[in-house]
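The values are calculated or read from the model by the stated rules, or taken from the named source; none is laboratory data. This is a predicted model, so every value here is computed, not measured. Positions of Cβ are backbone-derived with ideal geometry, glycine not excepted, and every protein chain shown enters the neighbour counts. Side chains are part of the model used for accessible areas, which takes the heavy atoms of the whole protein and leaves out ligands, DNA and RNA. Shrake-Rupley method; radii C 1.70, N 1.55, O 1.52, S 1.80 Å.
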Amino acid sequence: MFPGSFDPITNGHLDIVQRAASVFDEVIVAVLVNSGKSPLFTADERVALIRAACRGRRNVRTDTFSGLLVDYALKVKAGVIVRGLRAISDFEYEFQMALMNRRLNPAIETVFMMPAESYSYVSSRLVKEVFELGGEVAGLVPPAVERQLRAKLEARGAGRS
Ligand code: PNS
């Protein structure tokens, strides 16, 4: 499974989904809900955007989880956690998380995959920031995400035309 906040899904995430789907029989994109962070997109919106972006991938499905990731992994019988590593700066956080998850359940393995270099600087946080400030995000997120970002900002009255 490929867990994350996906607030929102980016083309970097999709690159990892594609790589995971070519290595594993089945991939569950697992969206964290109730993280304590206040996401821009609701869990339902995040799931819908992922499903739209992954349409046609027969071995990929999308689900939500709350609580411990390893408990969810057990529930859906997932033996591998896939995480993307963009740069060395991701490593410390990912390393801590992988070792904590291993301590919680040694039977579940974490596997890291590297996205294409062209996505090595792409994050959901930066995409939101750039879009909010009027920058171009085409090519960094699926078109449906761009449309939803625009709708969110317009609903907020931030007024991008
Ligand atoms: O995309 P993100 O926000 O970096 O994903 C982080 C995520 C969702 C994988 C992580 O926060 C997580 O697994 N949360 C669930 C709670 C949990 O299991 N915490 C202990 C993990 S060490």
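Observations, loosely collected:
- Look at the dipole of the range 2-118 built from charges on Cβ: of 6, 35, 62, the Cα furthest out on the positive end belongs to 62.
- Between amide H atoms placed 1.01 Å from N, distances below 5 Å from residue 62 occur with 29, all of them 5 or more places distant or on a separate chain.
- Surface per residue (accessible, 1.4 Å probe) for the range 2-118, Å²: 56 Å²
- In order along the range 83-94, the Karplus-derived 3J(HN,Hα) couplings, from 6.51 cos²θ - 1.76 cosθ + 1.60 at θ = phi - 60°, round to 10, x, 10, 8, 7, 4, 5, 6, 4, 4, 4, 5 Hz, and Gly and Pro are given as x.
- For the range 28-35, backbone phi angles converted through the Karplus equation (6.51, -1.76, 1.60; θ = phi - 60°) give residue-by-residue couplings of 9, 7, 10, 8, 6, 10, 6, 7 Hz, Gly and Pro being listed as x.
- 3J(HN,Hα) from dihedral phi, the range 9-22, Karplus parametrisation 6.51/-1.76/1.60, rounded to Hz, x for glycine, proline: 5, 10, 5, x, 4, 5, 4, 5, 4, 5, 5, 5, 5, 8
- Accessible surface of the chain, 1.4 Å probe, proportion on carbon and sulfur as whole %: 52 percent
- Distance between the 7 Å Cα→Cβ label points at residue 125 and residue 55: 3.2 nm.
- Taking the chain as a Gaussian network of alpha-carbon nodes connected by springs under 10 Å, the highest mean-square fluctuation of the residues 135, 36, 12 belongs to 36.
- Radius 10 Å from Cβ of residue 119, net charge of other residues (Lys, Arg +1; Asp, Glu -1): -1
- Look at the alpha carbon pairs under 8 Å that are at least 6 residues apart: their mean separation over the length of the chain gives a relative contact order of 28 percent.
- Candidates per trypsin sites (Lys or Arg not before Pro) in the range 1-79, loop by DSSP, up to 16 other Cβ within 10 Å: 37, 55, 57, 58, 77
- Under a 5 Å amide H cut-off, with hydrogens placed 1.01 Å from N, residue 110 pairs with 81 among residues at least 5 apart or on other chains.
- Over the chain, the alpha carbon radius of gyration divided by the compact-protein estimate 2.2 N^0.38 Å works out to 1.04.
- With a simple spin-label model that places each label point 7 Å from the Cα along the Cα-to-Cβ direction, the separation between residue 113 and residue 44 comes to 2.9 nm.
- The magnitude of the dipole of the range 60-112, with charges of +1 and -1 set on the Cβ of Lys/Arg and Asp/Glu and taken from the Cα centre, is near 180 debye.
- Sites listed here are trypsin sites (Lys or Arg not before Pro) in the range 91-161 whose DSSP assignment is loop and whose Cβ has at most 16 other Cβ atoms within 10 Å: 160.
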